[in-house]
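Asks: Sharing a structure with you now.
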């Protein structure tokens, strides 16, 4: 984890003029020792840049996420969107048996597996995706660590994380991300003013002739009664004409009680057959998760194309 304190100034704020979207948040109270958001935590709203068009079927009819604490996986059916409730849907338990998936870690294929068994058993009455057992296509042992299983025909970008960069390069990128985060519009919560920006995760990748950085940047207020978290999900293009070396193309801002604030993690960066860059992300809401497909459209704008049904309590 990398922490850099950056104070935004007027010039930096004015420089960031091409941002696509933001979750704006109003704050209700400020004090010197203990800070709160009033009677209830804030609610973040992300207005879409364009109308949602749905899942890109060229990415396959299912994808898999490792199940906690075991060799099984959760099989996500993109046909069930955020307009669906997993309490009421019925899954086709046979059509996916025998299907193949490439297992990814950091954008690299680490194995190819087949779906050999499937069951759907909600945990403690909480809606969930079906659980599947996977077997290696080569008959060997599957890797212990992977982050996503997706159709083998999908083109995936390799992500170079901070840990994989040289010490100098990782420091430069961390400082740049903290600087652009400090200049983003919508910073209306005085509770976080003066708090250091922490680059929780960041990865660089190149696809269709453009170099991009995707990152999670946070600020926190540590207090025993109600710790607070601000989470920024940022997509920026490498641009040498910018002071920071980055031009932000898309961001989301979430604020609230630490354990309840939604956070976003990049699972994979893929390219559609038409060359469109798409990010498959997991949105952790504390007691459950949903998934979104965010894609880059004309002019460097981004839109949330698809969001899954919610799984969890």
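The values are calculated or read from the model by the stated rules, or taken from the named source; none is laboratory data. Just so you know, these numbers come straight off a predicted model, no measurement behind them. Cβ coordinates were reconstructed from backbone atoms using ideal geometry, including for glycine residues, and neighbour counts include every protein chain displayed.
Asks: Pick from the stretch 91-105 the residues that are surrounded by fewer than 17 Cβ atoms within 10 Å (Cβ to Cβ) and in contact with a strand residue (DSSP E or B) (Cβ under 7 Å, 6 or more places away or on another chain): which of them is farthest from residue 148 (Cα to Cα)?
Replies: The selected residue is 93.
Asks: Here is a follow-up. Residues 111, 119: which one is over 30 Å from residue 206 (Cβ atoms), touching a strand residue (DSSP E or B) at 6+ places or on another chain (Cβ under 6 Å) and without any contact (Cβ under 8 Å) to a residue 40 or more places away in the chain?
Replies: That would be 119, the only listed residue that is over 30 Å from residue 206 (Cβ atoms), touching a strand residue (DSSP E or B) at 6+ places or on another chain (Cβ under 6 Å) and without any contact (Cβ under 8 Å) to a residue 40 or more places away in the chain.
Asks: From the list 286, 256, 275, which residue is under 28 Å from residue 127 (Cα atoms) and assigned to a loop (DSSP other than H, G, I, E, B)?
Replies: The match here is 286.
Asks: Here's another thing I want to ask about it. Can you tell me how many residues within the stretch 250-275 are modelled with pLDDT under 90 and closer than 17 Å to residue 213 by Cα?
Replies: Number of matching residues: 1.
Asks: Could you tell me which of the residues 176, 183, 203 is surrounded by 21 or more Cβ atoms within 10 Å (Cβ to Cβ) and under 18 Å from residue 263 (Cβ atoms)? Walk me through it before giving the result.
Replies: Values: 176 fails: under 18 Å from residue 263 (Cβ atoms); 183 fails: under 18 Å from residue 263 (Cβ atoms).
None of the other options fit; the residue is 203.
Asks: I've got another one for you. Can you name the residue in the stretch 206-229 that is in contact with a helix residue (DSSP H, G or I) (Cβ under 9 Å, 6 or more places away or on another chain) and closer than 19 Å to residue 279 by Cα and, of all such residues, is surrounded by the fewest Cβ atoms within 10 Å (Cβ to Cβ)?
Replies: Applying the filter and picking the extreme gives 210.
Asks: Residue check, residue 221 against (1) more than 26 Å from residue 148 (Cβ to Cβ); (2) without any contact (Cβ under 8 Å) to a residue 60 or more places away in the chain, all met but one. Which one?
Replies: Status for residue 221: all satisfied but (2).
Asks: Going by the structure shown, is residue 232 part of a strand (DSSP E or B), surrounded by 19 or more Cβ atoms within 10 Å (Cβ to Cβ), touching a helix residue (DSSP H, G or I) at 6+ places or on another chain (Cβ under 7 Å) and at pLDDT 95 or above? Explain how you work it out, then say what you get.
Replies: Details: part of a strand (DSSP E or B): yes; surrounded by 19 or more Cβ atoms within 10 Å (Cβ to Cβ): yes; touching a helix residue (DSSP H, G or I) at 6+ places or on another chain (Cβ under 7 Å): yes; at pLDDT 95 or above: yes.
For residue 232, the condition - part of a strand (DSSP E or B), surrounded by 19 or more Cβ atoms within 10 Å (Cβ to Cβ), touching a helix residue (DSSP H, G or I) at 6+ places or on another chain (Cβ under 7 Å) and at pLDDT 95 or above - is met.
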